[in-house]
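Structure first, then comments.
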Amino acid sequence: FHKHRNPCEAALKQRSRANRASPLNKSCPEVPAVENGIIVIEEVEGQILGTCVCIKGYHLVGEKTFFCNASTEWNAPVPTCRLGHCPDPVLVNGEPSSLDPVSVSDKITFKCNEHYILKGSSWSQCLANHTWMPPLPVCKSRDCGPPGNPAHGYFEGKDFNSGSTITYHCEDRYHLVGTRDQQCIDGEWSSALPVCELIQEAPKPTPQTEFEKALFAFQENKELCKAIENFVQRLKENGLTMEELKYSLEIKKVELEAKMLS
């Protein structure tokens, strides 16, 4: 009996052997064959590029793409195709618990360098399809970036490192809605960006009686002496006597007491 071979796999291996040929640029060294993978050599915009592809069931270890540099050398070692292992876990600003090839079903843990915090799962497992689950985490700086400014507002503070605080303020005629003081905690500000809302001025009441007009004139002036002078002048202009003023005040008092009891 003859052993049957996967025609696709055989073709890929044959192409792998064929790709041992010298690259297009004769000055670049020959690329060795990659077991269980192929290397495609091509010229792109005058530069000689090599791309490695592994057959199904194998994963790439090393740089997928490399090129022949000005010194007529390949810029990176030729990659390899491994069987039964997951791709090497890469954690920028951190490190996995093992740097050795990880077999199917094995688990590894992760930790970040100082001043960085782990975002994602602290562990991952190599599955049968050579993928990591949960997905590999990332290490994020504990420091915060500059916060945003709300419309018609600004913040005070120049330190955005972990633990630092900033304070928000609004322009004149605006009031703050949200958290005024915020702190940088593990790379994020403690609260959402506040907003500055326009302060709505209450409409001034329209005077009804002659007495109310005089009282309104009194309230318009911030200087006490001037206010009294305006008040007396307005009383004279409207022909009101002190007795009438006293009577009007008594009426107002009764109206206020009635409102309080209702």
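The values are calculated or read from the model by the stated rules, or taken from the named source; none is laboratory data. All values reported here derive from a predicted model rather than from experimental measurement. Cβ placement follows ideal geometry from the backbone for every residue including glycine, while neighbour counts extend to all protein chains displayed.
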Evaluation of residue 58 against (1) over 30 Å from residue 141 (Cβ atoms); (2) at pLDDT 80 or above; (3) crowded, with 16+ Cβ neighbours inside 10 Å (one fails), failing number: (2)
Matching residues in segment 42-55 - criterion: being surrounded by fewer than 19 Cβ atoms within 10 Å (Cβ to Cβ) and in a strand (DSSP E or B): 42, 43, 44, 47, 49, 51, 53
Residue within segment 103-114 that is without any contact (Cβ under 8 Å) to a residue 24 or more places away in the chain and in contact with a Gly (Cβ under 9 Å, 6 or more places away or on another chain) present: yes
Given (1) of a type in the set (S, T, N, Q); (2) within 28 Å of residue 110 (Cβ to Cβ); (3) in contact (Cβ under 8 Å) with a residue 40 or more places away in the chain, number of the condition residue 72 does not satisfy: (2)
Residue list for segment 97-147, filter: among the small types (Gly, Ala, Ser), farther than 25 Å from residue 162 by Cα and assigned to a loop (DSSP other than H, G, I, E, B): 97, 98, 105, 128
Some residue of segment 110-121 being surrounded by fewer than 15 Cβ atoms within 10 Å (Cβ to Cβ) and within 24 Å of residue 62 (Cα to Cα): yes
All positions within segment 62-89 that are at pLDDT below 80 and either in a strand (DSSP E or B) or buried (at least 16 other Cβ atoms within 10 Å of the Cβ) (or both): 82, 83, 85
Test for residue 89: is it without any contact (Cβ under 8 Å) to a residue 40 or more places away in the chain and over 30 Å from residue 160 (Cβ atoms): no
Among (1) at pLDDT 85 or above; (2) in a loop (DSSP other than H, G, I, E, B), the one test that residue 28 misses: (1)
